[in-house]
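Encoded as structure tokens, the structure appears first; notes follow it.
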Amino acid sequence: MDMMIPQGTATRRLRVAAFTDRQLLGRAALDALRKLNPAKLIRNPVIFVTEVVAILVTLLAVLAAVDGAPWGFQAGIGAWLWLTVVFATFAEAVAEGRGRAQAESLRRARGDARAKLLLRADDRTLWQPRGATDLKVGDLVLVEAGDLVPSDGEIVEGIASVNEAAVTGESAPVIRESGGDRSAVTGGTLVVSDWLVVRITAAPGSTFLDRMIALVEGASRQKTPNEIALDILLAGMTIIFLIAVATLVGFASWGGEPPPSPCWRRCW
């Protein structure tokens, strides 16, 4: 049987490599560009308004350049606004990519795990290899030192040290034995010494790893009260800023001092 890295260790390594994995970052960059679609970005009002203003400022810079007027200031403001929007969408895409990568890592661990299915309950020397996803409730499997527990189950014979980093994140092994309250084992944990005979108690699709995968894929972080308050504040300030800027030309024209730029005269 091939040795596999405990899931706790694999998850920690994945977190470290999340920002150095070129494939993950490349996919996140493409997702960030797709998120620039206003129909998707409207869920975040502040960034949505920032994108709208970036579009308007970019148009003003283009019109100024066409008319031969100075356009560097508008272009600089537009560049900063676009960088803000792209950075926000890229950060969100990276977070989503990390979640997908964690789910894929757990799914590979579940699919690659192999089991030693016992042919006779009273003879642990007679077994045949079987995929962990093919096990049924009630099957007896042998798990020896260096093997991963293929699925959730109950120990019926033996005593061993088990590394449960995949469940608790703690790398120190614990003792598991038949009988008592220490007889339950979880799929994906690593037996580091001795051997165990385990009766499978979880049907395919309802194991701990399956529930963890579903949790990672369906996770949606709720905003804290401080974040909600900050969003409201930023939205209010953005609206006030837009009203103030949008009325500058009108007030200037009413006061007899219209902006000298041909671009402004064309737009109004």
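Here are the numbers:
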{"quantity": "Within the stretch 203-227, tally of residues that are open to solvent by less than 80 Å² (accessible area, probe 1.4 Å) and either of a type in the set (Ser, Thr, Tyr) or modelled with pLDDT of 85 or more (or both)", "calculated": "3"}
{"quantity": "Residues of the stretch 180-202 that turn out to be within 15 Å of residue 152 (Cα to Cα) and in a strand (DSSP E or B), as a count", "calculated": "9"}
{"quantity": "Of residues in the stretch 133-179 being open to solvent by 60 Å² or more (accessible area, probe 1.4 Å) and assigned to a loop (DSSP other than H, G, I, E, B), the one nearest to residue 114 (Cα to Cα)", "calculated": "136"}
{"quantity": "Close pairs (6 angstrom Cβ cut-off, 6 or more residues apart or separate chains): closer than 19 Å to residue 205 by Cα in the stretch 116-144, of a type in the set (D, E, K, R) and open to solvent by 70 Å² or more (accessible area, probe 1.4 Å) anywhere", "calculated": "140/199"}
{"quantity": "Positions within the stretch 69-89 being open to solvent by less than 70 Å² (accessible area, probe 1.4 Å) and more than 24 Å from residue 233 (Cβ to Cβ), in sequence order", "calculated": "69, 72, 74, 75, 76, 78, 79"}
{"quantity": "Single condition residue 57 does not satisfy, out of (1) at pLDDT below 80; (2) open to solvent by less than 40 Å² (accessible area, probe 1.4 Å); (3) β-branched (Val, Ile, Thr)", "calculated": "(1)"}
{"quantity": "Scan of the stretch 180-205 for residues that are under 22 Å from the mean Cα position of the chain (by Cα) and of a type in the set (Ser, Thr, Tyr), ordered by number", "calculated": "none"}
{"quantity": "Pairs with Cβ under 8 Å, 6+ apart, first in the stretch 239-251 and within 15 Å of residue 54 (Cβ to Cβ) and open to solvent by less than 100 Å² (accessible area, probe 1.4 Å), second in a helix (DSSP H, G or I) and β-branched (Val, Ile, Thr)", "calculated": "242/49; 242/53"}
{"quantity": "Subset of the stretch 40-52 [in contact with a helix residue (DSSP H, G or I) (Cβ under 6 Å, 6 or more places away or on another chain) and open to solvent by 30 Å² or more (accessible area, probe 1.4 Å)]", "calculated": "42, 45, 48, 49"}
{"quantity": "The one condition in (1) at pLDDT below 75; (2) of a type in the set (Gly, Ala, Ser); (3) open to solvent by less than 30 Å² (accessible area, probe 1.4 Å) that residue 111 fails to fulfil", "calculated": "(3)"}
{"quantity": "Condition broken by residue 195, with the remaining ones in (1) modelled with pLDDT of 85 or more; (2) under 28 Å from residue 99 (Cβ atoms); (3) open to solvent by 50 Å² or more (accessible area, probe 1.4 Å) satisfied", "calculated": "(2)"}
{"quantity": "Unique match (being outside any helix (DSSP H, G or I) and either more than 30 Å from residue 150 (Cβ to Cβ) or at pLDDT 75 or above (or both)) among 256, 250", "calculated": "256"}
{"quantity": "Qualifying positions in the stretch 154-196 - on the phi > 0 side of the Ramachandran plot and either out of contact with any Leu (no Cβ under 8 Å at 6 or more places or on another chain) or hydroxyl-bearing (Ser, Thr, Tyr) (or both)", "calculated": "169, 179, 180, 194"}
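The values are calculated or read from the model by the stated rules, or taken from the named source; none is laboratory data. Only a predicted model underlies this, so the values are computations on that prediction, with no experimental measurement involved. Cβ atoms come from the backbone with ideal geometry, glycine included; neighbour counts cover every protein chain shown. To get the accessible areas, we keep the full protein, side chains included, count just its heavy atoms, and leave off ligands, DNA and RNA. Shrake-Rupley method; radii C 1.70, N 1.55, O 1.52, S 1.80 Å.
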